[in-house]
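Okay, structure first, notes after.
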Amino acid sequence: MKEEQGDISVLRHSCAHIMAQAVTEIYPEVKLAIGPAIEEGFYYDFDKETPFTPQDLEIISSKMKEIIAMDLPFVKQEIKKEEALKFFKEKKEIYKVEIIEEIKEEKVSLYKQGSFVDLCRGPHLQSTEKVKHFKLLSVAGAYWRGNEKRQMLQRIYATAFFDRKELAKYLLSLEEAKKRDHRKIGKDLDLFSIHEEGGPGLIYWHPKGFMIRDIIETFWKKEHFKAGYQMLSIPHLAKIDLWKTSGHWDFYKENMYSPIDIEGQQYIIKPMNCPGHILIYKTKLRSYRDLPIRWAELGTVYRYERSGVLHGLMRVRGFTQDDAHIFCREDQLEEEIISVIEFVLFILKSFGFNDFEVFLSTRPPKYVGTVEEWDKATEALKKALEKVGLAYQVDPGEGVFYGPKVDIKIKDCLKRSWQCSTVQVDFNLPERFDVKYRDKEGGEHTAVMIHRALMGSLERFFGILIEHYAGAFPLWLAPEQVRIITITNNQEEYAKGILKDLKEADIRAEVDLENEKLGYKIRQAQMQKIPYMLVLGQKEAESQTVTVRKKSGENLGQLKITDLISRLQQEIKEKK
């Protein structure tokens, strides 16, 4: 029990039971669904006719404190499945009944505290009194079992900690995260929008947002050419037969959109780019000397995400993958994986991310191919990670249906983890599509395929960047790098000349000639998170200088425009 008390997930799951007891005591008509511990807290799903309000959460929280003070022991009881069904049917707990009916064991376990009984495997703390520090956070809608055709439930999110200071620290980080919400900053800085008329989960890039996207894409392409990649572009539609051959129709159908009928034939809007790249590979016979072939594409794909999980840029229905596929021989596999992992780290560090979590995901229960191929692919990934010197955790059974993978999660400035980069080894698709190459004796062999994405998707990566930098992008990424601010109308011509010099130096600049006070103009530039402000008055015009002010408020004094341009170009080059 001592170990259980030290387990934060046990604490949180125990707190979820306390919350469920409080809710049922206040609202007896409510039906219970599930209440697991999650990474940063816990939740419980309730079937309640009217929505929970912020005032309801306060009432529930007060009731929870009463239950905690009662020091009720958590008592486990194992009973026969039939008895459990009878018990919960009498209580009209339809969701518990459904869960029990699917349990294959003859017995199920219940946990009781006071008069409250819940279906649960446990474990739990010794008693309710052990829960000291918790906070109810928010309410959201959640379909029962994630199925939009089932009942919409109400999910109360909450968290709990053993230490009061840890709870306070976490709540502070939540407040900071709210300030950094990419949806709010995206609107404030005029970067992107989502329109109900256009369809949820589809992103409209505004000029400033597209400017950043273009900077990212240009950098990405340049580095790929340097790394020996070639660029491709494939259509957004393909016949359904292509997806049947690839296995996506059998293994991924629930995430694909319904077929479109075109002249009596069924087409699918693409959820992946890989089958299209394979078709290009097969346009001619490849030699062992041609391998490895590295093909990359900023390819837009479309996946059916349920409306309840859509979230700004982070979870969308249409997104652009920074996708690439490498066709190689088995003897080249380990070297290519090492090269990809090093490439991933270079790209992520260039955007200011230096803290990573790495996971090696192995064969899932539902897979294609042979166990021998899976073992070979998994071993190649493992050796590559070890040679690069990356510490990793094994994530059992979380590989994709066609092969094992390495996922690299970045940590932002708030230490939140985000899934971005992935490297996947695939023996399956080359066999399904008969992807061959000829050896030096003329014999045919099946190529090995590596799927990889460095940033994951441009939309999600952009959202992460917005929150990581709170919209105050480093100079090289800022859509407007310099704002020229005149003190009076007398500096207008001088300001236009400075603007011309900056643009000729490929520095993104704008000039503010509005008839407003200097303080107002500076505040406007700061609100737009513009890295540098150049203040021009009579003194600067006469001395042919500019007074340089950073968005932080730091004043760099007067500089010649040529000296400033050199400074900015160096900062852009170094990607500080």
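Any read-out appearing in this document is the output of simple, stated calculations on the displayed coordinates, not a laboratory observation. Predicted, not measured: the structure shown is a model, and the values here were computed from it. Every residue, glycine among them, receives a Cβ derived from its backbone with ideal geometry; neighbour counts consider all protein chains shown.
A few remarks follow.
- Amide N of segment 124-141 lying under 18 Å from the label point, which is placed 7 angstrom from the Cα of Glu66 along Cα→Cβ: 128-129, 136
- Under-5 Å amide H pairs with Glu40, H placed in peptide plane, nonlocal only: none
- Volume in Å³ per residue [convex hull over Cα atoms, computed for segment 2-179]: 126 Å³
- Listed from fewest to most Cβ neighbours within 10 Å, the set Cys120, Cys413, Cys15 follows the order Cys413, Cys120, Cys15.
- Annotation note: GluC sites (Glu not before Pro) in segment 158-240 located in DSSP loop regions with a Cβ neighbour count of at most 14 within 10 Å are Glu196, Glu197.
- Straight-line cross-link reach from Lys411 at under 20 Å between alpha-carbon atoms covers these lysines, not counting any fewer than eight positions away in the same chain: Lys169, Lys178, Lys179, Lys349, Lys575, Lys576.
- Panel order for Thr486, Thr422, Thr245, Thr283, by other beta carbons found within 10 Å of each beta carbon, from fewest to most: Thr283, Thr245, Thr422, Thr486.
- Lys/Arg +1, Asp/Glu -1 at C-beta; the chain dipole; positive extreme among Met533, Gly299, Leu57: Met533
- The chain: calculated mean residue ellipticity at 222 nm from DSSP helix runs of at least 4, using -39500 (n - 2.57): -11500 deg cm²/dmol
- Segment 482-574 shape via C-alpha gyration tensor axes, a/c threshold 1.5: oblate
- Extent of segment 133-176 along its three principal axes (Cα atoms, max minus min coordinate, largest first): 42, 22, 12 Å.
- A cut-off of 5 Å between modelled amide H atoms, ignoring neighbours fewer than 5 places along the same chain, links His133 with Phe161.
- In range of the label at Phe162: residues from segment 4-37 whose backbone nitrogen is under 18 Å from the point 7 Å along Cα→Cβ: 4-16, 37
- Packing around the peptides 462-473, 142-153, taken as the average count of other Cβ atoms within 10 Å per residue, puts them in this order, highest first: 462-473, 142-153.
- Per-pair calculated FRET efficiency, R0 = 56 Å: Lys239 and Glu514 via Cβ, rounded to 0.05: 0.50
- Its Cα gyration tensor gives the chain an equivalent ellipsoid, and the semi-axes of that ellipsoid, as √(5λ) in whole Å with the largest first, are 47, 38, 22.
- 3J(HN,Hα) from dihedral phi, segment 275-292, Karplus parametrisation 6.51/-1.76/1.60, rounded to Hz, x for glycine, proline: x, x, 5, 5, 4, 5, 4, 7, 6, 8, 6, 9, 9, 4, 5, 6, 8, x
- Annotation: extensible slack from Glu542 through Arg121 equals 143.6 nm (criterion: 0.36 nm per residue apart, minus Cα-Cα distance).
- Using the Cβ-Cβ distance between Lys503 and Gln230 with R0 set to 22 Å, the FRET efficiency from 1/(1 + (r/R0)^6) comes to roughly 0.10.
- Extension gain (nm, one decimal) between Lys91 and Phe251, 0.36 nm per residue minus Cα-Cα: 53.7 nm
- In the chain, taking the dipole from charged Cβ atoms about the Cα centre, the farthest positive-side position among Phe88, Leu513, Val368 is held by Leu513.
- Burial ordering of Asp290, Asp47, fewest other beta-carbon atoms within 10 Å first: Asp290, Asp47
- Taking a point 7 Å from the Cα of Asp355 along the Cα-to-Cβ direction, the residues of segment 450-474 with backbone N closer than 14 Å to it are 468-469.
- Looking at segment 44-92, the GluC sites (Glu not before Pro) that sit in a DSSP loop and have at most 13 other Cβ atoms within 10 Å of their own Cβ are Glu49.
- The length gained by stretching the chain between Ile8 and Glu263 to full extension, at 0.36 nm per residue less their Cα-Cα distance, is 86.0 nm.
- Evaluated at q = 0.25, 0.28 Å⁻¹: base-10 log I(q)/I(0), Debye formula over Cα of segment 278-323: -0.94, -1.05
- Computed over segment 186-465, relative contact order equals 19 percent, with contacts defined as Cα pairs under 8 Å that lie 6+ residues apart.
- Taking other residues whose beta carbon is less than 12 angstrom from the beta carbon of Phe161, and scoring Lys, Arg as +1 and Asp, Glu as -1, yields +3.
- In segment 177-283, trypsin sites (Lys or Arg not before Pro) in a DSSP loop with at most 14 other beta-carbon atoms within 10 Å: Lys282
- Two-decimal Rg to Rh for segment 186-465 - Kirkwood Rh, Cα set: 0.96
- Judged by the ratio a/c of the largest to the smallest principal axis of the C-alpha gyration tensor, segment 241-384 counts as oblate, that ratio being 1.5 or greater while a/b is no larger than b/c.
- Cα gyration tensor category, rounded, prolate or oblate, for segment 177-245 with a/c compared to 1.5: oblate
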